[in-house]
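Values in this text are rule-based calculations from the coordinates and carry no lab data. What you see is a predicted model, and the numbers here were worked out from it, not measured in a lab. Note: ideal-geometry Cβ built from the backbone for every residue, glycine included; neighbour counts use all protein chains shown.
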Amino acid sequence: MNIIQTTITYPPSLGGLDRYVKETTEGLIKRGHDVSVVTTDLEQPFSRNRLTIPSGYTDVGKVHRLPTFRIPRLGLPIPWKAGSIIRQHHPDIIHAHCAFHSVAPIAWRVARQVQVPFILNTVFSPRPGAFWKLYLRMARRMIGQAACVIAISDFERELLIREGISGDRVTVLFPGVDLTIFKTPRASIYPRYRLERNRVIVSLGRLAFGKRVDRLIQAMPGLVRNNPDLRLLVIGPDYGDESRLRRIVSDLALDTFVIFTGPLEEEDVAAALQWSSAFVMTSDFELFGITLIEAMAAGTAVVAPNVASVPNVVRHGETGLLYRHDSIDDLTTTVVHVLADERLRRSLTEAAKNDVRTRFDFERNLDRLQEIYVAAIRANVSRRNA
């Protein structure tokens, strides 16, 4: 198959969706498909900063990182060459990710013009304001005409249903992410941060306000009282919140207890998780939460908020522990509990690793995506021949 994938940003940009599209693209290429990615040259979806490609970084497949222009007062980045690039590839199928961003409507219009199937991963997150209403109207039109609409969790499917989308139109398919790197045993990176004698908990993800890493920092005084040797390793790129988080650390006199690493290579992230006592998520909203299955694959105990899609991914008391997402006290109590009980940690991590091998198997999810593509292409051929 000749496949186009579209998304707003793409690695080495850091984000769960970015990695999902990259892993899917590379997995399909390994299976013999011709896959091209149409994206922007932005570092972040609404940033004006251009993505810096590290020395030695190599794309797999054809990746078109396009310059953008912005609608005045709206700021929505639009890659004006996207339509012509998609047409040049003469695709058999077009798969767009995130209805909210401008690349998806462009891909949808091209799919209609050249009469090829359009697959849509909605990445559906309700937002306030007039633009949300405009977006919702556009999303409904795309969903109505898509050959297949994919939600990455049952939670996302329910969001779509609440907005009036028929559940029959939505297929739930977990993100296809290759977790092999997190399963391979690695040497500890903690000596790099002088933490070889400490117990370490890990926060992993973009440093953006919605990730609410501040709650974990505010929980640290209580955690340290129970575990004086405990340290928090905060891993991830700054998406505008790092300076605020550092001020909280300073105000609470936690400078020796909280370490900011910035973004790390995948191998180092895997090592940090494998050697940690727990991975702690603090987000207010997740459509899936790829970092959860990374931590589960790495064999670390997972503590996560009981909100949004998280209970779809982490089974409380079986593959991890959930806490009330807006309660620092409950967060503190839950982390203290998992750190104090070695038998519990072993039970959680073994069950979590088994869950990764079954529900979140990369090759199985990729099989299902291929089936969706083949069915859409066959249905399109039949319709055109009718």
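Computed from backbone phi, the HN-Hα couplings of region 299-307 come to x, 10, 5, 9, 10, 8, x, 7, 8 Hz, rounded to whole numbers (Karplus: 6.51 cos²θ - 1.76 cosθ + 1.60, θ = phi - 60°; Gly and Pro given as x).
How high is the FRET efficiency from ILE53 to ASP284, r the C-beta distance, R0 41 Å, rounded to 0.05?
Working: r = 32 Å, r/R0 = 0.77.
Approximately 0.80, to the nearest 0.05.
A cut-off under 14 angstrom between Cβ atoms defines the neighbours of ILE181, and their net charge, with Lys, Arg +1 and Asp, Glu -1, is -4. Of the beta bridges in the chain, as assigned by DSSP with both residues counted there, near 5 percent are antiparallel. Given +1 at the Cβ of Lys and Arg, -1 at the Cβ of Asp and Glu and no other charges, the dipole of region 180-358 around its Cα centre is 320 debye to the nearest 20. Relative contact order, whole percent, for the chain stands at 13, derived from Cα pairs under 8 Å and 6 or more residues apart. Among ARG199, ARG65, ARG194, sorting on how many other beta-carbon atoms sit within 10 Å of each Cβ, with the fewest leading, yields ARG194, ARG199, ARG65. Exposure proxy ranking for VAL110, VAL336, VAL21, based on other Cβ atoms within 10 angstrom of each Cβ and starting from the fewest, stands as VAL336, VAL110, VAL21.
When the square roots of the Cα gyration tensor eigenvalues are ordered a ≥ b ≥ c, the ratio a/c for region 170-257 is 1.5 or more and a/b does not exceed b/c, which makes its shape oblate. For region 259-363, the relative contact order comes to 25 percent (Cα pairs under 8 Å, sequence separation of at least 6).
Determine the shape class of region 180-358: with a ≥ b ≥ c the square roots of the Cα gyration tensor eigenvalues, call it rounded for a/c under 1.5, and otherwise prolate if a/b is greater than b/c, oblate otherwise. It is rounded, given that a/c, with a ≥ b ≥ c, falls under 1.5. Rg over Rh for region 93-145 works out to 0.97, both radii taken from alpha-carbon positions and Rh defined as the Kirkwood radius.
Quick one: HIS89, HIS316, HIS101, fewest Cβ neighbours within 10 Å first, how do they rank?
Exposure proxy ranking, most exposed first: HIS316, HIS89, HIS101.
Over the chain, DSSP H runs of length four or greater, each weighted -39,500 (n - 2.57), average out per residue to a 222 nm ellipticity of -13000 deg cm²/dmol.
By the gyration tensor of its Cα atoms, with a ≥ b ≥ c the square roots of the eigenvalues, what is the shape of region 216-266: rounded for a/c under 1.5, prolate for a/b over b/c, or oblate?
It is oblate, given that a/c is not under 1.5 and a/b is not larger than b/c.
If you count Lys pairs in the chain whose Cα atoms are under 24 Å apart, skipping same-chain pairs closer than 8 places in sequence, the total is 10. Sequence-distant contacts, meaning Cα pairs under 8 Å at least 6 residues apart, place the relative contact order of region 180-358 at 23 percent. For region 173-302, the antiparallel share of DSSP beta bridges with both residues in that region comes to about 0%. Cα extents for the chain along the principal axes, largest to smallest and rounded to whole angstrom: 71, 44, 44.
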